Ligand code: FEO
């Protein structure tokens with residue numbers, strides 16, 4: 001997709017649409033993504049961010065529709081992760097800008113990635129402003145949202161916030177604005193993006209929303225580096241981030257499992273039966289059928305996380321190990337948990353799952369159920385009872 005779009009007079013989307021990417025270091029992007037870059041025409045022509053290296057020609061093509069790239073005066077790098085800075089080296093050669101504007105940590109990250117001491121770095125910090133002519137850009141550092149170098153650029157006169165990764169989503173579309181796409185699907189993509197990328201930084205997001213509120217920025221448009229641009233009620237995505245980052249759970253439980261010969265699956269269904277009987281909305285998530293990043297999206301608003309795995313070679317099944325590794329890094333808060341699993345002769349899985357839950361600071365509220373080989377009715381009854389007990393605890397807490 002190589003059609004640049006004017007967001008406001010003189011402010012152009014010049015990014016790239018990646019229809020084919022399906023894996024973003026572990027996050028499933030089943031509908032692709034976009035790498036957004038923005039070109040501002042003023043006395044100082046300024047390019048905000050670039051695109052993933054393999055899309056540099058798309059970026060150039062879009063810029064050429066507006067201006068000869070060599071006429072760009074400033075390049076702003078809001079974030080150095082290669083999906084946005086991957087074309088910086090080529091663009092620096094073509095543009096030869098007067099200034100390469102970034103945060104102090106952005107400069108360090110650019111040096112660490114591209115090893116170019118000779119670029120014309122101009123380091124900016126929160127509150128600092130640069131005039132482009134008719135327009136003023138104000139910079140707001142957003143450290144660890146989600147890299148140390150991350151930064152927002154705010155075009156004051158136009159009330160346009162170029163928000164880097166924040167408020168984005170992975171969704172390849174021919175449309176560029178939020179009012180042109182299905183709003184329910186849009187929010188689903190945003191929720192998945194939040195859960196899989198920003199969840200560990202929830203407390204920083206709460207602080208950022210408060211700080212931006214104190215700055216009293218008028219926001220007509222929020223232009224993230226992924227997905228569609230928020231021009232209709234842009235504050236809806238800020239409100240959603242406020243809600244998600246509070247991590248207030250609902251009366252919802254996830255029973256996440258992998259199974260060897262279906263015994264652990266029988267147990268999973270029995271645990272889910274107990275939860276449903278107890279009045280809790282429950283999702284049964286077989287890890288062979290559900291991608292880790294979709295599980296995390298469901299986890300965002302769940303109160304209980306119940307893990308099930310058969311014992312394999314004194315450990316747990318590999319898909320569950322993968323799930324735990326991924327979940328641990330995302331640091332979900334305010335959860336209760338429990339574990340279950342079938343075993344043949346040694347039976348370590350439940351103990352290992354409980355330990356993993358504790359390491360994730362999930363409150364383990366039940367010792368778990370471990371059954372040998374194929375469960376009998378009495379064994380499954382223990383699982384149903386565990387589900388019932390968890391349901392009772394969820395209702396006490398939510
Ligand atoms: Fe879209 Fe952190 O890069």
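Details
- Highest-first packing order for the peptide set 386-397, 205-216 is 386-397, 205-216, based on the mean count of other beta carbon atoms within 10 Å.
- Cα gyration tensor category, rounded, prolate or oblate, for region 190-247 with a/c compared to 1.5: oblate
- Full extension of the segment from residue 217 to residue 374, taken as 0.36 nm per residue of separation minus the current Cα-Cα distance, would add 50.4 nm.
- Against the chain, whose longest principal axis is taken from its Cα atoms, helix 318-330 shows a tilt of about 50°.
- Within region 238-329, antiparallel bridges make up roughly 15 percent of the DSSP beta bridges whose residues both belong there.
- Helix 202-215 axis, angle to the chain major axis (alpha carbon atoms, nearest 10°): 40
- Were the residues from residue 359 through residue 314 laid out at 0.36 nm apart, the gain over their Cα-Cα distance would be 14.3 nm.
- A full extension of the chain between residue 250 and residue 144 corresponds to an added length of 35.4 nm, given 0.36 nm per residue minus the alpha carbon distance.
- Anisotropy class of region 264-318 from Cα gyration tensor, a/c 1.5 cut: oblate
- Overall form of region 267-398 per C-alpha gyration tensor (a/c, 1.5; a/b vs b/c): oblate
- Here the peptides 142-154, 20-32, 40-52 are ranked by packing, the mean other Cβ count within 10 Å, and the order with the highest first is 40-52, 142-154, 20-32.
- The chain, helix-only ellipticity at 222 nm - DSSP H runs n ≥ 4, -39,500 (n - 2.57), divided by all residues, nearest 500: -10500 deg cm²/dmol
- 0 to 90° range, to nearest 10: angle between helix 349-359 axis and the chain longest Cα axis: 40
- Taking every C-alpha pair closer than 8 Å and separated by at least 6 residues, the mean separation divided by the residue count of the chain gives a relative contact order of 12 percent.
The numbers here are math on the coordinates, done by the rules we state, and not lab data. Remember, it's a predicted structure, so these values are computed and weren't measured experimentally. All Cβ positions, glycine included, derive from the backbone under ideal geometry; neighbour counts span all protein chains shown.
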